[in-house]
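Take a look at the structure below.
Taken together, the values in this text are just the output of simple stated rules run on the coordinates, not laboratory data. All of these numbers come straight from a predicted model, not from anything done at the bench. Don't worry about glycine lacking a Cβ; one is built from the backbone with ideal geometry, like all the others, and counts go over all protein chains shown.
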């Protein structure tokens, strides 16, 4: 099964003109997107991002230095990376399990799918506010514990980094697993159930069917979901800020802080470049690593 | 004759039933995790303000009041900003699909140099926090005269949603076998007709998924809409930042009201997303 | 055979064309619906950072409608969007707003983009703006850049339940810092957990406590005594106070909600961020002035002002609106509805709502105390104001939350402060000795 990268060009139909010096159709198809993005974002990105290096006397690395020297910078990098490393695998396992549960066709399947997709519709600011109301000292979770007879726990206390991290993890898990779920479900639609049934007839266990039949066929969707989810996870901000304030710094939170409170767009641009760099690097890694080496021809 | 038939082996039936039960249990457990916060938003949005100040908070609807939602819905510009958000969402959907689907087709069907750089280029807008672009972006729209219109918001949101549209739709196009498309062309369809009659219906789940992401992102996007509009704001730009400063009751009322339209959209698109489940080779 | 395709055959179905035809006029006819309530021309567009919570905004809009003769469209935004909007409009040369309003700290970075308002202030001289307020309006430059709009300060809200742990010899209406600490500790010991609060959240104003209350009361200054021995005493006191303060305070931006919920019983905060606590049971509350320290009762004044960006629209109407804002009706109504105090000389009416009346009494007691020591927010720092604020927040973070040694932290932060001020070359401001022409140096 080829990935987005490796499809052979579709063979031409009989009677179509042979290659002359004309613009290949690919260009017409992707040109609108390139033109649109360049027009809308070209100059703002150049102007905004170059601020990271433009001081009063021209090119300077002063702002990069200030960014690195800030006491919150390395904790923000560590927290963001930690979140990604723990969150992404858990989310993918959860989302794939959810999709497979749905594929098993239980009753009320449509209701379950709808409920599981609802967190997609919730904005990240609203999600942060909801989980804050659940986890705060006098919130719903502690109300429940209190009614069950337990002592309320201070989940969001600044001196308990473990529960802080766990709180952000759970809130992000709730909010963003639907994204992966919807992509995986869309991808599963394209897999006819005959492959799975044939494997079952030949005696493959459920796990073997999953690992050798379903997942490889799902690779394009998983690749897209991984890229998108990682980029968005690097930018997690509203939930972390709502739940933890400044006690759990993350990269985008630091960008906002430098831009808004410290009124320093140059250092904020430097931080944005760091985020961009990390995102591009991980995307490139996903594109290369998840590329399917087997090339199938159209016949 | 009364030959005794061998006893029916009920193990496969038991195993089947047990699996069905396990599947249901799994679904219910996950639904509990996903749905409980939603239940709490609804509960709190319709509680009176006093009841939200008590401890322990009531977990069942005992003090129902539509006061906070009512006040929230009466704030200045709510209905107008709702209209603006709908306009922006619809416009973004149309534009993003119109530009994105052809590009997705190209990504899926053609191998060309620069595929990786093209995909990375697309991801730029999602990978860069646009807060640092606030002033240049607003300046661009000011000089072109589109500042403070829904067109500006549509433009920005389309640029933000093109990556998801193109990449998701491309991954689903890949699942459509080329043979079927070529067969259609052999039988005399133009490439465009082959696309429309053969590929698009089979790729509908991907297009539906991409449209859900597009609409939801446009609906919830707050920073860009705040920067690019002044008097014609979308609903989040008008409301979301003030929500964070408001009292608890309003946060829930606002959060609840903001979620409803996006929910309706998902309910509508759901059908297209799962319309091919379990079908056999087409 | 369909081998020969008719080149003119439409490639989209009729239904799609119909749908697009219906959608196009809808999409193109309106570039959007107006959300600011300013449908007609002649309305002044007022961009502001204040009163963004839903209820405050609604109340203020009704006040504007009642008190001003000019229609004003009130548009509150988040401070980051405020600055970006004004800067981008100014740089593109297309200002679309009529007037802007914000706290002194919101307007300071925009000093270069504001028009001079000396003439307007001279006109309004009769209302009796105080000298310190007028000094602030100059934003460190030679001319006044904004017209004072309203003022506020910070007091302490006390739930009467907390009075039962008041130590003997401590008067709640006449606190000193030592007594306040003993009270907090007694309350903590009685309850098993601290019940005093401080707005130490990301948007909380705790840095004003250190700048305007703690340090002036212990050291007599803000910048020039930053790392003196008295300052060390002050921060050691703060560390002790923090251990008797609810740790959840690092999540509190506004204290009115935790107070109303009963999560904390005593809290220091901005008057407008405490008023909501008294809404439901006004008789359960006391409002008291801030405590006094060895050098006096340090308190900070916060001023909000209204300015005109270069090239703003509807200037005549906007000036009329500003004159209305300086009028007694508007000033009293703002106090009644949103707990921001008048900035003009005026007798407060006697029929104020209970919570406001309590706050007004506390504010008066604070200002008229014999050893009152007025502290102003930093003047003339422009865009570096945020960095100075950060210095004080870092002190709190490192001394109270991380437990680092006070002397080392103060020395390190003093170095940062010195770097920031050295780049600016500004004279000091109250409570440090004001000597125009000399540079403020960190002591």
Principal semi-axes in Å for the protein assembly as shown [√(5λ), Cα gyration tensor, largest first]: 55, 34, 26
Full-stretch length increase - residue B:21, residue B:42 - with 0.36 nm per residue and alpha-carbon distance subtracted: 4.6 nm
Fewest-first sequence of C:283, C:116, A:137 by Cβ atoms within 10 Å of each Cβ: C:283, C:116, A:137
Residue of A:263, A:51, A:241 that the Gaussian network model of chain A assigns the largest fluctuation, springs spanning Cα pairs under 10 Å: A:263
Inter-centroid distance (Cα atoms) of the range A:68-95 relative to the range B:81-137, Å: 26
DSSP-defined antiparallel bridges as percent of all bridges, the protein assembly as shown, nearest 5: 60
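If I stretch the segment between residue A:291 and residue A:105 completely, what's the gain in nm (0.36 nm per residue apart, minus their alpha carbon distance), one decimal?
63.8 nm
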Segment residue B:200-residue B:275, extension gain: residue separation times 0.36 nm, minus the distance between their alpha carbons: 25.7 nm
Global geometry of the range A:63-298, whether rounded, prolate or oblate, following the gyration tensor of its Cα atoms and the 1.5 cut on a/c: oblate
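I'd like the FRET efficiency for residue C:368 and residue C:328, computed as 1/(1 + (r/R0)^6) with the beta carbon distance as r and R0 of 30 Å, rounded to 0.05.
0.90
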Residue-averaged 222 nm ellipticity for chain B, from DSSP H runs of 4+ at -39500 (n - 2.57), nearest 500: -23000 deg cm²/dmol
Residue exposure sequence - B:207, B:260 - by fewest surrounding Cβ within 10 Å: B:260, B:207
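Between residue C:435 and residue B:29, what FRET efficiency comes out of the Förster formula 1/(1 + (r/R0)^6) with R0 = 60 Å and r the beta carbon distance, rounded to 0.05?
Working from the Cβ atoms, E equals 0.30.
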Centre separation in Å (Cα based) which lies between the range C:319-346 and the range C:164-202: 35
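To check you understand DSSP bridge types, tell me what percent of the beta bridges within chain C (both residues inside) are antiparallel, rounded to 5.
On the way: 21 of 37 bridges.
The antiparallel proportion sits near 55 percent.
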Approximate spin-label separation residue C:123-residue B:113, in nm, with each point projected 7 Å along Cα-to-Cβ: 6.8
Simple spin-label estimate for residue A:50 and residue C:134 in nanometres, 7 Å along Cα-Cβ: 4.6
Inter-site label distance for residue B:11 and residue A:85 at 7 Å from Cα along Cβ, in nm: 4.5
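Of B:221, A:56, how do they rank once you tally other Cβ atoms within 10 Å and put the fewest first? Kindly include the intermediate steps, with their values, before the conclusion.
Details: B:221 25, A:56 6.
Starting with the residue having the fewest Cβ neighbours, the order is A:56, B:221.
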Chain B shape via C-alpha gyration tensor axes, a/c threshold 1.5: oblate
Sum of -39500 (n - 2.57) over DSSP H runs of 4+, divided by residues of chain C (222 nm, nearest 500): -11500 deg cm²/dmol
Computed FRET value (nearest 0.05) for residue B:50 with residue A:74, which takes r as the C-beta separation and R₀ as 45 Å: 0.50
GNM flexibility winner over chain C from C:331, C:94, C:366 (Cα, springs under 10 Å): C:94
